[in-house]
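Asks: A single structure is presented below for examination.
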Amino acid sequence: MGAVKGTLNCYPNPSNGAGVISGSLTKFTAGTEIKIFNTLGQLISTIPITQKDFEVEINLAQSGLYLVNLYQNNELIESKKWVVN
């Protein structure tokens, strides 16, 4: 089985807190999720992904730098930094 590849986008970047996380996977499997962490490494949100192509609206209340990670079966597929003003 080949490695799963995916794309991940966070926009607008920087954001005022409201934005969209979107992306696409070469192959979808159950156990796919997005995890958002703050700069202290604290988990802010976990969003389950239910299809190969996805788009999720989100609102992050606190300003700062966030790390948005896409996981499939607990394996990191893609990561993006997202700035919230």
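The values are calculated or read from the model by the stated rules, or taken from the named source; none is laboratory data. All values reported here derive from a predicted model rather than from experimental measurement. Cβ placement follows ideal geometry from the backbone for every residue including glycine, while neighbour counts extend to all protein chains displayed. When the accessible area is computed, the model is the full protein with side chains, heavy atoms only, and any ligands, DNA or RNA have been set aside. Shrake-Rupley method; radii C 1.70, N 1.55, O 1.52, S 1.80 Å.
Asks: For the list (1) under 13 Å from residue 84 (Cβ atoms); (2) without any contact (Cβ under 8 Å) to a residue 40 or more places away in the chain; (3) among the β-branched types (Val, Ile, Thr), I need the number of the one condition that residue 47 fails.
Replies: For residue 47, the exception is condition (1).
Asks: Considering only the stretch 4-50, state which residues are of a type in the set (A, V, I, L, M) and not in a loop (DSSP other than H, G, I, E, B).
Replies: 8, 18, 20, 21, 25, 34, 36, 43, 44, 47
Asks: Take the residues of the stretch 68-85 that are open to solvent by 50 Å² or more (accessible area, probe 1.4 Å) and part of a strand (DSSP E or B): which is nearest to residue 18 (Cα to Cα)?
Replies: Only one residue tops the list, namely 83.
Asks: Could you tell me which numbered condition residue 65 fails, if it satisfies all but one of (1) over 11 Å from the mean Cα position of the chain (by Cα); (2) in a strand (DSSP E or B); (3) within 12 Å of residue 7 (Cα to Cα); (4) not hydroxyl-bearing (Ser, Thr, Tyr)?
Replies: Of (1) over 11 Å from the mean Cα position of the chain (by Cα); (2) in a strand (DSSP E or B); (3) within 12 Å of residue 7 (Cα to Cα); (4) not hydroxyl-bearing (Ser, Thr, Tyr), only one is false for residue 65: (3).
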